[in-house]
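Throughout, read-outs are computed from the coordinates displayed, never taken from laboratory work. All of these numbers come straight from a predicted model, not from anything done at the bench. Cβ coordinates were reconstructed from backbone atoms using ideal geometry, including for glycine residues, and neighbour counts include every protein chain displayed.
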Amino acid sequence: MASPPDDDLFEAIREQYPPVLTTAQVGELLHIGARTVLAMAADGRLRASRLPGTRQYNFFRDDVIRVLDQNMVRPGEIDPDEAVEEAAPAPEPAKKKAVRRAR
């Protein structure tokens with residue numbers, strides 16, 4: 001009997017990442033920024049630890065996988081009319097500064 005696709009995905013994550021992850025590694029894994037990772041830790045969505053006297057947060061890989069699994073979107077849960085990828089707005093062109101000429 002084949003394992004469910006989610007199990008294969010999570011096993012691939014276990015093979016690719018070490019047991020203890022940095023903020024940057026969690027961000028890479030979840031495709032989010034470091035600030036978002038820290039915000040998730042601050043509000044309890046993601047468990048983190050920090051050694052006293054350091055500024056580095058550590059995350060257990062299996063906790064991150066658990067969060068992914070608990071928030072996995074299952075077939076039938078997405079309304080295609082609502083699930084639109086939001087593109088980042090295009091940056092506005094830089095305005096040219098007026099250059100004063102010396103007289």
- Message: Below 13 angstrom from the Cβ of ALA42, what's the summed charge of the other residues (Lys, Arg +1; Asp, Glu -1)?
- Response: +3
- Item | Two-decimal ratio, the range 5-70, of alpha-carbon radius of gyration to 2.2 N^0.38 Å | 1.08
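Where nothing but the Cβ of Lys and Arg (+1) and of Asp and Glu (-1) is charged, how large is the charge dipole of the range 5-70 around its Cα centre, in debye to the nearest 20? Don't skip to the end; give the middle numbers.
Values: 8 positive and 10 negative charges, 116 e Å.
With only Lys, Arg, Asp and Glu charged at Cβ, the dipole is about 560 debye.
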- Task: With a point put 7 Å past each Cα toward its Cβ, work out how far ALA34 is from GLU77 in nm, to one decimal.
- Result: 3.0
- Query: How high is the FRET efficiency from ASP63 to ARG101, r the C-beta distance, R0 35 Å, rounded to 0.05?
  - Reply: 0.05
- Message: At R0 = 25 Å, how high is the FRET efficiency between ARG50 and GLU15 if r is their beta carbon distance? Nearest 0.05 is fine.
- Response: 0.40
